[in-house]
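In what follows, a structure is listed as structure tokens, so that the remarks can point back to it.
The values are calculated or read from the model by the stated rules, or taken from the named source; none is laboratory data. Predicted model only: the values in this text are computed from it and were never measured. Here the Cβ positions follow ideal geometry from the backbone for every residue, glycine too, while neighbour counts run over all protein chains shown.
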Amino acid sequence: MTSPILRLEDVHKSYGALQVLKGVSLTVQPREVVVLVGPSGSGKSTLLRCINLLNPPTKGRIWLEDQEITAPGVNQDRVRQRIGMVFQEFNLFTHLTALGNVMIGLVKVRKMRKNEARDLAMFELERVGLADRANYYPAQLSGGQKQRVAIARALGMDPHIMLFDEPTSALDPELTGEVLAVMQKLASEGMTMIVVSHEMGFARQVADRIVFMEGGVVVEEGTPQQMFEQPRHERTRAFLRNIAQ
Amino acid sequence: MELLQNLLTTFNFIVQGLWVTISVTAVALTVGLAIGLVMAVARVYGHPALQMAVSAYSVVVRAVPVIVIIFILFFVISRYVNLSPFWAGALALGFASGAYQTEIFRGALQAVQPGQMIAARAIGMSRLQAIQSIVLPQALRLALPAWGNEATLVLKDSTLVFAVGVPEILRRAQQVSARTFEPFLAFGVALLLYLALTLITTQALQWLERRYRLQV
């Protein structure tokens, strides 16, 4: 039994009186792919933002590898370097080319030299199949290409775990395939991933575990087979049946 | 023939103020740019107390006529600090322009998509790094059209330093006019010089806008 790469213990998050997360505990093993599903407003995205401390939890603790990242005095910027994040809306830096988007973190955060950073950035773009688009600006790329650049940008930081927040929800249906293919490749290369997604085909094929959230708590979790074929909770069954249609 | 001779003499005298006008404007715009950028970042990203202080500066300075600020620097401050009329005038204009530029850059910073800051933080940038490398470069591009407008306004406001005796275009025009009793010729030359300066400025800024346009 290896030690977990990520461990959440009773994580709460409130905005004023609004309680979004009401005590989530979750353990993720290295190389594991966890797909997080649940109705909108169930707290999936909030949970991802708690994990990389963009919106730190109001209560509860999180460990990344051996470090408690919710402890006071932790350098949050350093923690975020180890956690890649991919957003629904891509959020590519609009004033930079695809190459520039991948390079800037390498230069500013990892303090690499320009030509070193350029080589690595090109390598990451190749990994997502976009080396030929290196000098394009985000506005000149399709949605699927933008999202793949965003994945390359995150990979450039050499993350130990990747978070995907509905990575294909803003895409036209015919473009989701190329993004999912890149994610599947990452998974097969052994990247630890937490994916918020409604792509049930992807969940079935790639996920090691599916976690169903509702109302700010984890209702049920299990392997794709368990979750799709014999979910224990009626709500899980209803949700998965709905989404499969 | 005599008219042409007059025109040439008038022009030669007034055009010596061209460089002064350009210098006053350049100093004012640069000082205003520095003030505007720092203040706007403080206004948008600073501690609430800092935000209040910046708002106060911006409101007060914009409420005071620029000429009054010039007089304060020239007649009051220069009693304690050695300020030539040129520097009193140029700094006063810069101080005033700083308030307007603060508002220009504040608007531009707020117009940058929030996702840009979030994505920058997500790859491990500190807040300051994200502002420097991601948000500001985009905000500067967004600010260019409004900033170009401010540049032409400061160019024209530079005539105000005439009140403390700086020999710029307008003051020289007035001197010629008083001597030759041909105000039309004198102020006509001044007008043409300002027109030329404004055209050059706007053309240069439009080129910058095209060069650095954000693709959206």
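Say we look at the range B:124-152 and pick out the residues that are at the interface with chain A (Cβ under 7 Å from one of its Cβ atoms) and of a type in the set (A, V, I, L, M); which of these is nearest to residue A:49 (Cα to Cα)? Spell out how you get there, then give the answer.
Initially, the range B:124-152 is screened for residues at the interface with chain A (Cβ under 7 Å from one of its Cβ atoms), giving B:124-126, B:129, B:133-134, B:137-138, B:141.
The next check asks that each one be of a type in the set (A, V, I, L, M); those that pass are B:125, B:134.
Numbers: B:125: 16, B:134: 20 Å.
Checking each candidate, the answer is B:125.
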Test: residue in the range B:100-123 that is away from chain A (no Cβ under 14 Å) and either at pLDDT below 95 or not in a helix (DSSP H, G or I) (or both): no
Residue list for the range A:40-95, filter: within 13 Å of the chain's Cα centre (by Cα), more than 12 Å from chain B (Cβ to nearest Cβ) and not basic (Lys, Arg): A:46, A:47, A:50
When residues of the range A:101-115 are limited to those that are part of a helix (DSSP H, G or I), touching a helix residue (DSSP H, G or I) at 6+ places or on another chain (Cβ under 8 Å) and not basic (Lys, Arg), the one nearest to the other protein chains (Cβ to nearest Cβ): A:105
Test: residue in the range B:68-85 that is surrounded by fewer than 16 Cβ atoms within 10 Å (Cβ to Cβ), in contact with a helix residue (DSSP H, G or I) (Cβ under 8 Å, 6 or more places away or on another chain), within 14 Å of another protein chain (Cβ to nearest Cβ) and of a type in the set (A, V, I, L, M, F, W, C): no
Test set (1) more than 12 Å from chain B (Cβ to nearest Cβ); (2) buried (at least 24 other Cβ atoms within 10 Å of the Cβ) - residue A:161 fails condition number: (2)
Candidates A:11, A:24, A:37 - the one that is away from chain B (no Cβ under 14 Å) and in contact with a Pro (Cβ under 7 Å, 6 or more places away or on another chain): A:11
